[in-house]
Structure formats: C-alpha cells, structure tokens
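Before any comments, here is the structure.
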Amino acid sequence: MSDALNRRTFLSASAAAGLSLTALGAMPQKPTGKIRPIVISSANGLETVKKAMEMIKAGADPLDAAIEGVAIVEADPKDNTVGYGGIPNEDGVVELDAAVMHGPTHGGGSVASLRNIMHPAAVARLVMKRTDHCLLVGEGALRFAKMHGFKEIDLLTEDSRKIWLHWKETNGKDDDRFPPPDDELDPIVREFFGIRKHGTIHCSALDTHGDLGCTTTTSGLFYKIPGRVGDSPIMGAGLFLDNEVGSAGSTGRGEANLLNLSSHTIVEAMRRGLSPKDAAMEAVKRIVATNKAPRNRDPKGRPNFDVKFYCVTKDGRYAGASLWAGAKMAVHDGDSAKLVDCASLYDEKAPEN
Ligand code: GLY
C-alpha cells in the first residue's frame, strides 16, 4: 500500500473510530501514577479542565490532555476569542496563534497567523514533534497543517462576521464610506460591543507522575492588523514551563507579555521559591513598571488594559493573578472542576477599552 493510501486509510479509520485530527501526534497512554493531578485554565476553560482531567486519569500525557481540553473551546463558535468563530483581523479574516510546551522533553512548538485551521494547538504539537523547529507562521504553517491532514474550513461564523462588520462600519470617526446601519443592531452585536470582551485560552496540566504540559491558543486581538502576532505562540510570553518547577500561561494584552516575557518570569520566580500567587504577582508588577507609553496608561498612570496569569507548581499548588479585580480561573483538582478567584493588583475592575 502506498504512503498516500496508508494515510487515507488511517484518516478514514480514525474518523470512523471517532478519533479526530487533534489526536495526531499524541503520546502513548501510560499507567497512572501516584501524584494528585491538577489542571488549570482561564475562566473560559471549565469544560477544558474537565476533559483534560478525564484524560489524565485515563493515563494520557499532560500536554495531550491540555490540547484536547482546549480543542473544545477552539471548536466552540460561541467563544469569539479562540479558534472557530474568533473575531477576525481588520480585513475580516480569522488568524490563529497557538503554542504548546511538553515538560518531560522540554519540547515546544507553535504556529502564528494560521488561517482556515480550527485546531492550531494540535498543529503546534506537530511542529514540536515532526519538525526541528519551534515556530511556523502564515502560509508555511497552513501548508504544514494540510500536509498532516488538517482540513481547511472558513473560521468566520455569521456572528463573528456581523461583529466585524459593525466594527468596520463604525470605527473611523471621519470615515463616511460606511454609514452605520439605520436598523436595530443585531442582539449578538449589541451584546458584544456592550462590554468589551477579552479571551484566549491557556491550559496547564500536571499529571499523576508529576509531569507538566501546557498550551495557549487564541484568535488574538480583535480586528488586528493582518499578520499581527501576540504572545500566545511565543514561548516565554504567553506560556512557559519547566518540568522541574512548574507551568504558567496568560491571557489578555499580548504586547505587554511580549515586552516582559511574563510566563518565563513566573516560572523563574517559582524556581526561586515564590508561591504561585507571588510569582504571578511579580509578573503583574513587572508589567506595571515597564508600561511607559502614555497611550497605554490611564489618568493615574496605571495600565489601561488587563493581563491575567495562571500558574501551577510541580507539587500541585496553583494561583491566578491579574492587574484588575474580578478575574477568575478554572481549576480541576482531581475531584471537581470549579472557577476560583484570581488575585489582583488593583481593587477596581478592568477599564473597558
Ligand atoms: N493574549 C492574546 C493576544 O494578545 O493575542
């Protein structure tokens, strides 16, 4: 049988068996160990932590569990900040960024500005496992994904198209090419512009052997300049782990994390012995200290944006921290999944921007 035929047979057999392309590149199952597992995620990751914990208890690798967990949100058309249904760039095209890191091998892979592929985190794992590189972008990342059997789909849903169109028609103060519509706003659009939402999903998993895996996946900044890449696919910025120490990741304004390599900062702070909460707060304070551009500061000089951090130590302690109050994170401690409060630097809620 030719390789191509083998591949087609495998893919149709996988589909028939209910296996998805997100499983491509997954590690073999292991017998479960004795350590209490923990899975953490951002607030949009309650189903993610449930799925990842179920897989870890069945002996999955922690990175595979994290990837399958975030795949639920990547496929969810109602989450406009990740994967399918993500808010597009200024041209109306959805561009996805994602990265993965694997504790036992200290391996990592990522993709950026990837179009038309629903599961960029699974593609990032293949970059880690099937190339000698860490990051593929744009057209090259798409060709690589297709080479491994991922199918192209239009990631723009009707809801995300309507939201983008409203932004395009109302954005430029002096731009009269697109007069705003006279008719009632679609409720989907009204709700979206009522409270500015932020998203992205991070997931870090500690398995029953004390091994770590993590991923961050996103559609990035709403209406971004085509080709803009945030922190999510950059190891050290939107995620980082060291299997001897712990794992960390972030959601929120990516540029602040790129300028501070915040996830690396958190893991290094945990290595020095700081608690997860204090380590995450160190990254928060670093962002405040380095945020010099007046356009990014409120009248009191504080950042006019939010960034949230999530971290877990190798011995299973975890915390979240953000600049502004009200952030939550999802946690599964082996018994149940729940949303818990993140610590915050300021007592006020995040400014809308
Ligand atoms: N943190 C996601 C982004 O800035 O793209």
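Quick notes on this structure:
- Structural descriptor for the chain: relative contact order 20 percent, calculated from alpha carbon pairs under 8 angstrom and at least 6 residues apart.
- Inverse of mean 1/r across different Cα pairs in region 201-263, Kirkwood, Å: 12.1 Å
- Here region 58-150 is assigned +1 on the Cβ of each Lys and Arg and -1 on the Cβ of each Asp and Glu. Its dipole about the Cα centre then comes out at about 320 debye.
- Computed over the Cα atoms of region 118-258, pair by distinct pair, the Kirkwood hydrodynamic radius stands at 17.8 angstrom.
- Each peptide in 146-152, 257-263 receives the mean, over its residues, of other Cβ atoms within 10 Å, and ordering these scores from highest gives 257-263, 146-152.
- Neighbour-count ranking [beta-carbon atoms within 10 angstrom, fewest first] of Asp306, Asp132, Asp76: Asp132, Asp76, Asp306
- Straight-distance candidates among the lysines for linking to Lys349, with alpha-carbon spacing under 18 Å and chain neighbours fewer than 8 residues away dropped: Lys197, Lys285, Lys300, Lys308, Lys328.
- Among the listed pairs Lys34/Lys129; Lys292/Lys314; Lys151/Lys338; Lys50/Lys78, those beyond 30 Å (Cα-Cα): Lys292/Lys314; Lys151/Lys338
- Helix-only [θ]222 nm of the chain, DSSP H runs n ≥ 4, -39500 (n - 2.57) each, per residue, nearest 500: -9500 deg cm²/dmol
- Dipole magnitude of the chain, debye to nearest 20 (Cβ charges: Lys/Arg +1, Asp/Glu -1, about Cα centre): 860 debye
- Gaussian network model of the chain, springs between alpha carbon atoms under 10 Å - residue of Arg295, Arg271, Arg253 with greatest fluctuation: Arg295
- Candidates Pro31, Pro299, Pro226: whichever shows maximal mean-square fluctuation once the chain is modelled as a Gaussian network with Cα springs under 10 Å: Pro299
- Max mean-square fluctuation residue, GNM over the chain, Cα-Cα springs under 10 Å, options Gly238, Gly86, Gly210: Gly210
- Here Ile87, Ile56, Ile35, Ile72 are placed in order of increasing Cβ neighbour count within 10 Å, fewest first, which gives Ile35, Ile72, Ile87, Ile56.
- Cα-based shape type of region 45-160, given that a ≥ b ≥ c are square roots of the gyration tensor eigenvalues and the cut on a/c is 1.5: oblate
- By the compact-protein rule of thumb, 2.2 N^0.38 Å, the alpha-carbon radius of gyration of region 244-353 corresponds to a ratio of 1.05.
- A viscosity of 0.890 mPa s and a temperature of 25 °C, combined with the Kirkwood radius over C-alpha pairs in the Stokes-Einstein formula, give region 129-168 a diffusion coefficient of 195 µm²/s.
- Region 17-67: radius of gyration and largest Cα-Cα distance (Dmax), Å: 11.3, 32
- Here the chain yields Rg over Rh of 0.98, to two decimals, using C-alpha coordinates and the Kirkwood radius.
- Rounded to the nearest 5, the antiparallel percentage of DSSP beta bridges internal to the chain is 85%.
- Here region 256-317 is treated with +1 on each Lys and Arg Cβ and -1 on each Asp and Glu Cβ, and its dipole about the Cα centre works out to around 160 debye.
- Inter-centroid distance (Cα atoms) of region 26-88 relative to region 104-120, Å: 15 Å
Bear in mind that the values in this text are calculations on the coordinates, not laboratory data. Computed from a prediction, not measured in an experiment: that's the story for all the values here. Positions of Cβ are backbone-derived with ideal geometry, glycine not excepted, and every protein chain shown enters the neighbour counts.
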